[in-house]
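Everything on this sheet refers to the single structure shown next.
The values are calculated or read from the model by the stated rules, or taken from the named source; none is laboratory data. Small disclaimer: the values here were computed from a predicted structure and weren't measured. Neighbour counts run over all protein chains shown; Cβ positions are idealised from the backbone, glycine included. For accessibility, only protein heavy atoms count, side chains too; no ligands or nucleic acids. Shrake-Rupley method; radii C 1.70, N 1.55, O 1.52, S 1.80 Å.
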Amino acid sequence: MDDAKFKNWIRSAYGFKLMKNGIQSFVDNYITTRHEELQKTLQHNRNAKPCNVCTTSNLLPDHGTKGCNNKFQNNCFCKKERKKRRPCPNNFCSYFYHLVVDDHEEHSPRWTSTDPGQWYNDYVQYAKCYLSTPSPATTLDGLDCAGLLSIMIHNLYIRKFIHDVENLRQCRKDRNEIFHASELHLTDGEFIRYIDNMINALEDKTCLINDQKAKEAVENLKRLKTTNISITYDDTVEFVRQAKEAIKELCSEVKEDIEARRRMFLEDLDDTYVNAIYAIDSKKHESLNEIDKQTEANLRKMKKAEKPNENDIKQVKQTLIALYERDCSMLDVSPLLDNETEPMLDIYQCPSLFHVDYHRDKSSSNNTGMGRLAANRDQACSNNEELKSLAEIFSYKGTQCKHIFITGDVGVGKTSFCKYLCYLWCLPNDNSRIDGEMSKHKDILSKFDFIFLVTLRDTDGTDTISVIVEQLFYTQNEKKGNEMYAIIEHILMHRTCLLIMDGYDEWSPNISGKGSHVLPSKPLSNTCTYLTTCRPYKIENERLPHNDIDHQVCITGICESYSRKYVEKVIKYLNNENKDSKHVSDFDEDIMKFDLKELLQIPILASHLVLLWFHERLCDMPRSWIYSLVLDMLFKRAQKLGVSLPKTEESQIELPNNLFAKLECLNDYVPLLRKICLLAFRSLLKLDEHASMLVFTELQLTREPYSLKEEEIKGLCKIGILSTSKVIGCFLEKKQKLSFLHKSYLEFLAAMYMSSFDPEDGCLNIILDKLSQLSDVQQYYHFCILLSGLSGEKTNKLFDKINDKFANDLNMYRKQVFPNGLFSPLLTLQGIIMSCNKELSFIDDASPELKVRDICSFYTDDRSLKQIILKNKNCIKSLQVTRGEYLEEYNVLNELQCLHIYSLKQSSYSNLMHLLKNNSLLETISIACSESVLSPLPLSQHKYLTSIAISAVKMQLNSLTFLVSYINDNIQIENIRLQSISISDLNEFPNHDMPVLNLQNHTKLAFLCLDRVNNNISCHKVNNTSLQHIILQPLSENVLSYIELINCIKGSQCKSITWKNCLDAAPMLNNDTIVTLLQTVRTLAKIKHVVLRDITLPDTQVLQLHNDVKEARITMFGVSMSKRCFHDFIKHLDYHHGVIKVKLLWCSLSDYDASPDNIDTSPGNNKMPGDISFFFTEFADFLKFRFKTEHYRYIKDYLSKFPNIDISLFIPNNGVISFQTRK
C-alpha cells in the first residue's frame, strides 16, 4: 500500500471528525428547540404528560383526522401488528409519532434506534428518529459525522436553516465512499475534493456561515488540506475500526433492504391478487346486475306503454285497504300485559305537532340526552308554532307542501302516527267509531286517492320509490311484478297520492358512490306528496337541500292529558288483575319525585313505569336501571309462562355490574343475555352488511356470531324481548321480520354489552371507527347516557377517546370566528356530557364525572351552568355565550383558549374585560352586537391570539386605532373578521387619520373579512402566502380603496372570494373595481367558490375561471348583466374543462324583452327573458328560491344549446336556477 495514499485516506477520515465538531452544536441547538416546541404543543393542545411506558412494540400512533402520513403505510405502527398496540396512556407518544413522521423529509423515519418511552424527556431520542442507520448512542456526542448529517438532511425543521442541503448530501456520500472503500487509500485529487466539499457544507450561507464552531472547523479543514497535521496512532486505529464498522453496516443495510423489498413485493403481490379477484367479481356482478336491470326496465317500459284499466287500479286500492286493516289496525302496548295490543281507534290520540323552520330547530339542538325528551316539548312550544290541525301538515300558511319531514326522538310515536294515517284513510266514511277530531282527520286524508306506507328499514336497500311501492304487493312472481310496476307508475304519475316513508334514519341504501344523505329516487310527478319520518340528528347532519324538504314538523310525543288517561287505563287494568286499589295520584307523586315525567311521553315506557311502580320497584335511579328492571321482569315472565330458555351454568360468571347482583333472573340467563346484547350492539353500529338497525330475519340470528337456536328465538319472542312484526305490505308473501321491543331497549342492550361483556374494551375502537366526524356522536347520545348509568369507567374511556380522535376538529370548532353555535358539535357534546354526568351521579363505581371542556350557552339561562363551570373551571377551553347578562358566572375561568361573546349587555362589559385580562392563553376572540361602546381591549398580553372577530359594535377612535395597531404588530394572526364597526366619537375628531390595516407581513393569514368598515379602516396591502378565503363588502363612498387590496390577491392560492355590495350602494359601485375583481378571479388556480352579490357585471370583462380549476362553484345573487355578458359567461363555461356549478339567485338580464311573444329560442338567436325575478329566503347559507314558471322553458332551452352545459339539475317544481359544466 502506498503510504502517501493511505495518509490521504487517514486525513480525509480525520476531516470528518473535524466536520462533526463543526456541526454538532448546530444540530444540538436546533433539535433541542424543535423538541421543546413539539412538547409544548402537545402539552397545550392534548394535555400531554411525561411518559416512560411506550415502546416500539406496543405504541399505536394517533394520526388524527388526516390519516396515516407514513410514506410506506404497511410499515407504519398503525398497520403493523395493530392488535398488540394501544394509544399512549399519557396523551403524548401516539401523536408525537405522527409529528416525527411529519418532520421527516421522506415521511419514513427509522425506529430501530429510538425509544418512545424516552421521547418526552430526551431530545436525543427524537433526533435518532432521523438516523439512516442504527446507533446505540445516548448523546449527540456519541454519534459520528454521518449520523449528524442524516439528522440535518432528514429533519425538515433543521432544513429551514440550511440554504443548500445538497452540500450535506454530498458530504454524506463522500463519507460513505471513504469508509466503504475496499482499499484504504486516496489520491491527492480525491483528498482535496472531499475536504472542499466539507468546507462548502460548513459555509452554508443561511446559518452555519456565522456559527463559531463551524468557522473553527473550516479553519482546521483548510490547515488539514495545506499542511501535514499530526494525526495520532489512536486516531488512525479508530478510523480503521470505523471503516470496518461502516462496511458491516453497509452489509446489514443491504440485507435489510433486500428483505424489506421481498416483503413489500409479496405484500404487493397478495394485494394485487386480491384486488384482481375482487375487481373481476365486482365487474361480473355489476354486469349481471346491469343486464337484469336493463331487461327489467325493458319489460317495464313495455308494460308502462300499456295504460292500465280502471279495474286494475281499483284492485290496487282494495289491496291497500286490506293491507292496512291487517297491519295498522292494532297498536302495541306492552309485552308485560296480557293484552299486548289494543285497537288503534280505541287507544290512539294524535300527538302534539309543531312547525319547525328548517335548519332552525332549536329544540333538537340545545338539549341532548334523556332530559331532551322533556325539553323538546317546552322548547318546541316556545320556539315554534303548534299546528292546530292535521291539515296544516300539508298546507302551511297557504303554501301547499309536497315534501314533508316529521322529526322526533326515539319512541315519541312517529311510526304509530303513520299507521294511524293509513288506517284512518282506509276506513269507510260512515264508520261509527270515527267521530269528533278523528272525523276531521278523515276528511283531510280523503283527498288522497292512494296512501302508500313504506317502512324504509324493510326495503333491503332498494332506492327507487316505484320499486319500493311495488314490493308492497308482489315480491315473488316476476311477471306479476312487472305488471304491477306499470300500474304503480301510472298511479304515481296520474293520481293524487301520499307516499309515507317511515324511518329515514334506519334506511341503508345500496347506492354505490353516493353519500348516505341520498333520498329514495322519486318519480317526477306533480300529484304526489311525500311524508318522511326520521330522528332529528339525521336531518341536522345531512343538511338536505330545500328542494327535498319544504315543511318540517316536530312530533314531541303524547301530550300530558292523553298520557294521564293512558296511565289511568293501565293502573285500572293492573288493579283488576291483582285485586288491588292503587290510585293514579300516588303514581303522579312518585313520578315527580323521581324526575321521570319526560318518559311518560313514550307510551311503551309509560306502561313499564306503571308496572315498576305498581310492584314497588320504582325509585330514584339512573335511566339504565329502569330498562334493567323491565328486562328482569320479562325473564320472570318466561318462568311464569313456562318458556324454556337456556340458563347460566354454575361455572359461568355472573354479570359484573353491582346492579345485576340484585336481579336474579338476569343472572340466570347470562349466556342468552350475552347473545342478544351482542345482537343489539352490532345492530346499533350496523356491523352486519346491509343490516337494518332494528329489523332482522330469523336466519340472520341463527348464524354466527349470534348462533341463536330456534327455540331461543321463539322464547325471546314469547316473553317480549324480541317481537315478530309483520312487514307493512308484502300482501301476498306475508313477510315477517324480528325486531327488539323498542329502539330504546336496543340501545340499552348495546350499552349493556359494552359494560358487561367487553373486558378488552374492543367496543370502544368499533364505536370510534364508526364516528367519521364529531357530529356523528349525536346519533349515539341515548346509548352514551344508558352506558353512563351502567359503567362510569367505560363512559370515561369512550369520551377520552372521542376527545383524542377529534382533538383537531374540536380545536377547529373552538377557533371558528363567529361559529354557528346553533348547530355546533360543541353544543351537542356538552349536552351529552351533562346528561351522562347526571346518570353517573347515581352509581358508585368511583368513576369521575366527564369533563366539560366547552361551554355553549345558547337559548338557556347561563346561571344554570354555574355548578358545571365551578367543577370544570381548570379544563374549560372555550366559551360561547349568546346573551351577556350573566357573564359574571364565568369570571372564575382563566384557562380559556377561545372566547365568543354575542349580544353583549351594558351591565356585563366589565365582566368581558375581566375575562380578557385573566385568560392570557386565548387563541380566538369574537365579540358581536355590543350595547356598550368598546374601550381599548386588553389584547397586549395575548401572545397566542391567532383569530380575532369584531362585528356590529361601536368603538371609540382610540380603541379602533389600538385594535388595528395590535393586528398590524401580531403577524401570527391567521383569521381576521372586521364587520360593521362604527366610531362613536367621530364628531370629536373631524380631521382624524383613518387607521391603516397593514397585512403585508402576515404570512399565516388564511381568512380575511372586511365588511362595511372601509369608511373607518383602510387596507391596501395583504400577504397572500397562506390566504385561503377573503370576503369584501365595501361601503360605496370608498369602494375604490379596495382595488389595490384586490390586486394583492392575484395569482395567490386563494380558494374562495366573496364580493358583496351594500344594497343601497349598487348603482354607485365603480366599474374599475369590478373589472379588477374579475381579472383577479381569473388568476386564481386554486379557487373553489366565487360569490358575487348585488353588482352589475360589465360587458368589458367576463367572469372567467383559471384553466387549471378542476371543480368550483359560482354563486351570483342579485347580479345584473346584459345579454352579451351572460352569453360570454356561458360560452366560457362551455369551453372550460373543469366541473363548474352555477347558481343564479334573484338575478336580472338588463336588456331583454320580457314579452314571451318577442322571445325566439331558435338556434342562432339565443335570447333570454328579461327581468327574471326570484323569491328567496336565506338562513345559515341555505337558500331556497323560485322564479316565474313561464321563464323556466326559455332558460332551459337557451342553456341546452351548449354541449358542455349539464342542465339536469333544473327542477321544474321548485325552479332552482342551477346548472353545471360536464367533465
- Inside the stretch 586-606, can you point out the residues that are under 17 Å from ARG617 (Cα atoms) and either more than 39 Å from the chain's Cα centre (by Cα) or not aliphatic (A, V, I, L, M) (or both)? ASP586, PHE587, ASP588, GLU589, ASP590, LYS593, PHE594, ASP595, LYS597
- Message: Looking only at helices (runs of 4 or more DSSP H) that lie completely in the stretch 127-236, which have at least 3 residues being open to solvent by 20 Å² or more (accessible area, probe 1.4 Å) and closer than 30 Å to GLU106 by Cα?
- Response: 156-159, 165-179, 188-202
- Can you tell me how many residues in the stretch 77-122 are part of a loop (DSSP other than H, G, I, E, B) and either open to solvent by 40 Å² or more (accessible area, probe 1.4 Å) or under 25 Å from MET812 (Cα atoms) (or both)? 17
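Just a yes or no: is a residue in the stretch 674-691 more than 35 Å from the chain's Cα centre (by Cα), open to solvent by 10 Å² or more (accessible area, probe 1.4 Å) and either polar (S, T, N, Q) or modelled with pLDDT of 85 or more (or both)? Full working, then the answer.
Going residue by residue through the stretch 674-691, those that are more than 35 Å from the chain's Cα centre (by Cα) are none.
No: zero hits.
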- How many residues does the stretch 36-76 contain that are assigned to a loop (DSSP other than H, G, I, E, B) and under 28 Å from the mean Cα position of the chain (by Cα)? 13
- Complete set of residues in the stretch 978-990 that are within 25 Å of LEU1027 (Cα to Cα) and either among the β-branched types (Val, Ile, Thr) or open to solvent by 70 Å² or more (accessible area, probe 1.4 Å) (or both): ILE981
- Query: All but one of (1) farther than 22 Å from CYS1019 by Cα; (2) touching a strand residue (DSSP E or B) at 6+ places or on another chain (Cβ under 9 Å); (3) without any contact (Cβ under 8 Å) to a residue 60 or more places away in the chain hold for VAL1139; which doesn't?
  - Reply: (3)
- Query: Here are some residues: LYS582, LYS514, LYS565, LYS522. Which one is over 30 Å from GLU470 (Cβ atoms), surrounded by fewer than 19 Cβ atoms within 10 Å (Cβ to Cβ) and either touching a Gly at 6+ places or on another chain (Cβ under 6 Å) or at pLDDT below 85 (or both)?
  - Reply: LYS565
- For the stretch 55-81, what are the residues that are within 17 Å of PRO116 (Cα to Cα) and basic (Lys, Arg)? LYS80
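Out of curiosity, is LEU798 closer than 24 Å to GLN43 by Cα, assigned to a helix (DSSP H, G or I), open to solvent by less than 10 Å² (accessible area, probe 1.4 Å) and modelled with pLDDT of 90 or more? Break it down stepwise before answering.
Details: closer than 24 Å to GLN43 by Cα: yes; assigned to a helix (DSSP H, G or I): yes; open to solvent by less than 10 Å² (accessible area, probe 1.4 Å): yes; modelled with pLDDT of 90 or more: yes.
Yes.
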- Message: Take the residues in the stretch 810-845 that are touching a strand residue (DSSP E or B) at 6+ places or on another chain (Cβ under 8 Å) and in a loop (DSSP other than H, G, I, E, B); name whichever of them is modelled with the lowest pLDDT.
- Response: PRO819
- Task: Would you be able to say whether some residue in the stretch 80-101 is in contact with a helix residue (DSSP H, G or I) (Cβ under 7 Å, 6 or more places away or on another chain), small (Gly, Ala, Ser) and either in contact (Cβ under 8 Å) with a residue 24 or more places away in the chain or farther than 26 Å from ASP769 by Cα (or both)?
- Result: no
- Query: Which ones in the stretch 899-955 are of a type in the set (Ser, Thr, Tyr), open to solvent by less than 10 Å² (accessible area, probe 1.4 Å) and not in a strand (DSSP E or B)?
  - Reply: SER908, SER932
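Among the listed residues ASN1016, ASN975, identify the single one that is surrounded by 17 or more Cβ atoms within 10 Å (Cβ to Cβ), touching a residue at least 60 places away in the same chain (Cβ under 8 Å) and within 22 Å of THR1058 (Cβ to Cβ).
Working: ASN1016 fails: touching a residue at least 60 places away in the same chain (Cβ under 8 Å).
Result: ASN975 is the single residue among ASN1016, ASN975 that is surrounded by 17 or more Cβ atoms within 10 Å (Cβ to Cβ), touching a residue at least 60 places away in the same chain (Cβ under 8 Å) and within 22 Å of THR1058 (Cβ to Cβ).
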- Output the qualifying pairs, or none if there are none: Cβ atoms under 6 angstrom, residues six or more apart or on different chains, first residue in the stretch 1076-1088 and closer than 12 Å to CYS1048 by Cα, second residue hydrophobic (A, V, I, L, M, F, W, C) and in a loop (DSSP other than H, G, I, E, B). LEU1084/CYS1054
- Just one of the numbered conditions (1) open to solvent by less than 60 Å² (accessible area, probe 1.4 Å); (2) assigned to a loop (DSSP other than H, G, I, E, B); (3) more than 18 Å from ALA949 (Cβ to Cβ) is not true of ASP993; which one? (1)
